[in-house]
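The values are calculated or read from the model by the stated rules, or taken from the named source; none is laboratory data. From a predicted model like this one, the values you see are computed outputs, not experimental measurements. Quick reminder, even Gly has a Cβ in these numbers, built from the backbone with ideal geometry, and neighbours come from all protein chains shown.
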Amino acid sequence: MINLIKVLKEQKPILHNLMQFYIYEFSKYIPGITIEANGSYKPFDLDPFWESANLHPFFIMFENEYIGFALIESEKDGNPNTVKEFFIIQKYNGKGFGKCAAVLLFQMFPGSWKVTQIAKNYPAQAFWRSVISDFTNGDFTEYYDENRRSVQTFVV
């Protein structure tokens, strides 16, 4: 059973730890990502996720294990819900856990959605295209933006 658990501010170090795996995975697509002098990747600035009402950090849990996270920006000022970052650890890839978590997020935040993947991350593009197509019964739009990122838009 997959659960989404809102990340509390005092759990930020756990989220930072999980994000190290995410950044490691991303480093194969973005050569500019390098390891810092302390042996870890530069951490994301997560403080806005506890300062802004439309930013939502979640742990993705399988039973009692952290298996990933999602950072969501909910609709605001006419902008759609967006997946800022989404990650499932490799051990659980291909088992349907990411799809389950994504569907839970879509249901949690009804309205317009925009999901973007970087140009070279073909596995992420295939994942989101499949999940969104299944979730919307094919009722979504896909295009490439000016940075060659794949973008899917749809309404829940």
TODO: Please specify each residue of the stretch 9-26 satisfying the condition of being within 14 Å of residue 87 (Cα to Cα) and not aliphatic (A, V, I, L, M).
DONE: 16, 17, 20, 21, 22, 24, 25, 26
TODO: Give the residue, chosen from 4, 18, that is outside any helix (DSSP H, G or I), over 25 Å from residue 142 (Cα atoms) and touching a residue at least 60 places away in the same chain (Cβ under 8 Å).
DONE: 4
Open item on the list: For a quick check of your reading of the model, give me the residue pairs whose first member lies in the stretch 116-133 and is within 16 Å of residue 82 (Cβ to Cβ) and at pLDDT below 95, whose second is assigned to a helix (DSSP H, G or I) and small (Gly, Ala, Ser), with beta-carbon atoms closer than 8 Å and at least 6 apart or on different chains.
Closed with: 118/124
TODO: Return only the number of the condition from (1) more than 19 Å from residue 117 (Cα to Cα); (2) of a type in the set (Ser, Thr, Tyr); (3) out of contact with any strand residue (DSSP E or B) (no Cβ under 6 Å at 6 or more places or on another chain) that residue 29 does not satisfy.
DONE: (1)
- [ ] Starting from the stretch 81-95, take each residue that is of a type in the set (Asp, Glu) and list its partners that are in a loop (DSSP other than H, G, I, E, B), counting only C-beta distances under 9 angstrom and pairs at least six apart or across chains.
- [x] 85/44
TODO: Taking the options 107, 117, name whichever one is of a type outside the set (D, E, K, R) and in contact with a helix residue (DSSP H, G or I) (Cβ under 7 Å, 6 or more places away or on another chain).
DONE: 117
TODO: State all residues of the stretch 21-65 that are surrounded by fewer than 17 Cβ atoms within 10 Å (Cβ to Cβ), in a helix (DSSP H, G or I) and touching a Lys or Arg at 6+ places or on another chain (Cβ under 9 Å); if no residue qualifies, say none.
DONE: 47, 50
Task: Number of positions in the stretch 135-156 that are basic (Lys, Arg) and either at pLDDT 95 or above or closer than 21 Å to residue 74 by Cα (or both) - done: 1
TODO: Write out, first by first residue and then by second, each pair whose Cβ atoms fall under 6 Å of each other, whose residues are 6+ apart or on separate chains, and whose first residue, in the stretch 32-60, is touching a residue at least 40 places away in the same chain (Cβ under 8 Å) while the second is aliphatic (A, V, I, L, M) and in a loop (DSSP other than H, G, I, E, B).
DONE: 57/7; 59/7
Open item on the list: Return the residues of the stretch 109-156 that are part of a helix (DSSP H, G or I) and either surrounded by fewer than 15 Cβ atoms within 10 Å (Cβ to Cβ) or in contact with a Gly (Cβ under 6 Å, 6 or more places away or on another chain) (or both); say none if nothing qualifies.
Closed with: 122, 123, 126, 130, 134
TODO: Inspect all residues belonging to the stretch 66-81 and state whether any of them is part of a loop (DSSP other than H, G, I, E, B), aliphatic (A, V, I, L, M) and either more than 28 Å from residue 153 (Cβ to Cβ) or in contact with a strand residue (DSSP E or B) (Cβ under 6 Å, 6 or more places away or on another chain) (or both).
DONE: no
